[in-house]
Amino acid sequence: MSILFKGRTQGASDTRIGIVQMITAFYISHARQALGSLGELWRQPAASIMTVAVLGLSITLPSTLYILVKNTEKISAGWDQASEISLFLKEDTPPASAQQLVARLNTWPEIDSVTFIPADDALKEFQHLSGLGDAIAYLESNPLPDVVLISPNEKHASPTAARMLLEKLKSQREVDIGKLDIEWLERLYALLDIARELVSLIGILLFVSVVLIIGNTIRLNILSKREEILVMKLVGATDAFIHRPFLYTGFWYGLLGGLIAWLAVIIILWWMDSSIQAFASMYQKEFNITGLSGTALLTMLGLSILLGLLGSLMSVQRHVRGIEPQ
Amino acid sequence: MIKFDQVSKTYPGGQLALSKVSFHIEPGEMAFLTGHSGAGKSTLLKLISIMERPSVGKVLINGHDLNQIKRRQIAFIRRDIGMIFQSPHLLDSKTVFDNVALPLIIEGYTRKETSKRVAAALEMVGLRDKARSLPMMLSGGEAQRVGIARAVVNKPPLLLADEPTGNLDPKLSMEIIRLFEDFNQAGVSVFVATHDLGLIARMKYRTLTLRNGQMITDGLNDAAGEGW
């Protein structure tokens, strides 16, 4: 409706069409502008490909790192339950009381299994594994203590429960030192935490730079269409109408950039697969890298589109306003 | 239709472009605005299309105070005003048809309605057969008429023209003025700024004359011209 002239209708309402047709016309106009923006990109392939590639590759790096970290977390989650407690007995513990301890521990409800390794066996194993061989034989006495290995049952295998069990075991009078062998796992977790933070940091930096790059590209687009924007403003185009093609350009940049990122991640993971397999086999693990699922793809595309839109939104807000007919 | 009430305009930097200008143009009237270059004609038209805002005073269109119009409403005001300039500001990459259709596309007309109205507007300015041409292929007079078709395609109640014949020879200029008369006959208020006194002298229309930002005459054109 006209503001100045009561009764004068403007736009689609003038043509006596139904609400359904009006809504259809709205979507048709959107689709037309969206396709128009895609056509613009197509007409300047070199510039478009460069912008899209910058966007795609900037998303590739954090995505790949993220998938690797996620997968490492997934494997280590499987190891979490396998914690084992080693109890080193006091040196002067007679074999009889050691046996008593083993028998006693076997009755504890928290414990799944108990293995006793006498000092002599431990020495033999050490001799065999260390490669020191005969040098060990020159030792006057066995420096190793008796060891009891304890596997907690499933309920008590989590790090906190296992630690509580450890405290309880340490209070047994035959026990000298108790050790929970999930420390390395905790170290791995700490490392993963750092890795995850690095991924976020790299991601944020790259995303910000992508938004700035897209913003600048759209700014140049806007400036090159100065004349057209002026004419549109003169004949009564709203800011939203003028913004729309540029926002669609941002959208297409995002979508195409996301697809490039997806392709790049597939290639990189395929490339790294053999070395990952070699690494995993050292831990006797069957390991297939995951992360290229549908959700991951959608997340990447969504993120990429969001960045494209954000960049173009920033630019149109700033620069279209400045172009006013004089 | 257009009412100026003690309007002054000072540009940043202190240049006084209009000083206490008052006049009233009735609905359905056709009037001319003349004066030397720099007398304030363009400024006066810009105040009507809200390209500039008055420093003092009120500009009213159809009783609505333009000072009350917010920035985001300006686009809708411009849909009620057909504007024509010395150069037609056509988009070179688009055909004549698409250039004329632009205001309708912006307002969201259907494709069918758009074709119908663009055809009618081009018919009125006598360029129906040029619909598929690009602006580069047109002569100066034809390009100006395309600009006019674009200004009237959505049937605005008010038509503003700033030196519409500035680039044209007398014969073409007269054709353009005849076009404006046709629109005026159809009930459109027409307000034309021009320094081409010879053109106005041949017609009996109300003429407002500006000198150094002040309105010095307002009346039929035989009274005009004496002031300079």
Quiz item: Does the range A:219-229 hold any residues that are more than 9 Å from chain B (Cβ to nearest Cβ) and either surrounded by 18 or more Cβ atoms within 10 Å (Cβ to Cβ) or more than 18 Å from B:SER93 (Cβ to Cβ) (or both), and which are they?
Solution: A:ARG219, A:ASN221, A:ILE222, A:LYS225, A:ILE229
Quiz item: Hey, does the range B:68-76 have a residue that's in a helix (DSSP H, G or I) and crowded, with 19+ Cβ neighbours inside 10 Å?
Solution: yes
Quiz item: If you take the residues of the range B:112-159 that are within 14 Å of chain A (Cβ to nearest Cβ) and part of a loop (DSSP other than H, G, I, E, B), which of them is surrounded by the fewest Cβ atoms within 10 Å (Cβ to Cβ)?
Solution: B:LYS155
Quiz item: Limited to the range A:34-70, what total is found for residues that are of a type in the set (Ser, Thr, Tyr) and more than 20 Å from A:GLY215 (Cβ to Cβ)?
Solution: 4
Quiz item: For the subset of the range A:235-253 comprising residues that are farther than 25 Å from B:ILE77 by Cβ and hydroxyl-bearing (Ser, Thr, Tyr), which member is surrounded by the fewest Cβ atoms within 10 Å (Cβ to Cβ)?
Solution: A:TYR248
Quiz item: Mind checking which pairs have a first residue in the range B:87-111 that is at the interface with chain A (Cβ under 7 Å from one of its Cβ atoms) and more than 18 Å from A:GLY39 (Cβ to Cβ) and a second that is among the aliphatic types (A, V, I, L, M) and in a loop (DSSP other than H, G, I, E, B), Cβ under 7 Å, 6 or more apart or different chains?
Solution: B:PRO103/A:VAL235; B:PRO103/B:VAL153; B:ILE106/A:VAL235; B:ILE106/A:ALA237; B:THR110/A:ILE17
Quiz prompt | Filter result for A:MET232 (open to solvent by less than 40 Å² (accessible area, probe 1.4 Å), without any contact (Cβ under 8 Å) to a residue 40 or more places away in the chain and of a type in the set (A, V, I, L, M, F, W, C)) | solution = yes
Self-check item: Every residue from the range B:50-83 that is under 20 Å from B:GLY213 (Cβ atoms) and at the interface with chain A (Cβ under 8 Å from one of its Cβ atoms)
Solution: B:MET51
Self-check item: Among the candidates B:PHE183, B:PHE191, residue that is within 14 Å of the chain's Cα centre (by Cα), in a helix (DSSP H, G or I) and either without any contact (Cβ under 8 Å) to a residue 60 or more places away in the chain or surrounded by 22 or more Cβ atoms within 10 Å (Cβ to Cβ) (or both)
Solution: B:PHE183
Self-check item: Conditions (1) touching a Gly at 6+ places or on another chain (Cβ under 8 Å); (2) assigned to a strand (DSSP E or B): number failed by B:LEU168
Solution: (2)
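The values are calculated or read from the model by the stated rules, or taken from the named source; none is laboratory data. On a predicted model such as this, the values are computed, not experimentally measured, just so you know. Reconstructed Cβ throughout: ideal geometry from the backbone, glycine too, with neighbour counts over all protein chains shown. Keep in mind that these areas ignore ligands, DNA and RNA; they rest on the heavy atoms of the full protein, side chains included. Shrake-Rupley method; radii C 1.70, N 1.55, O 1.52, S 1.80 Å.
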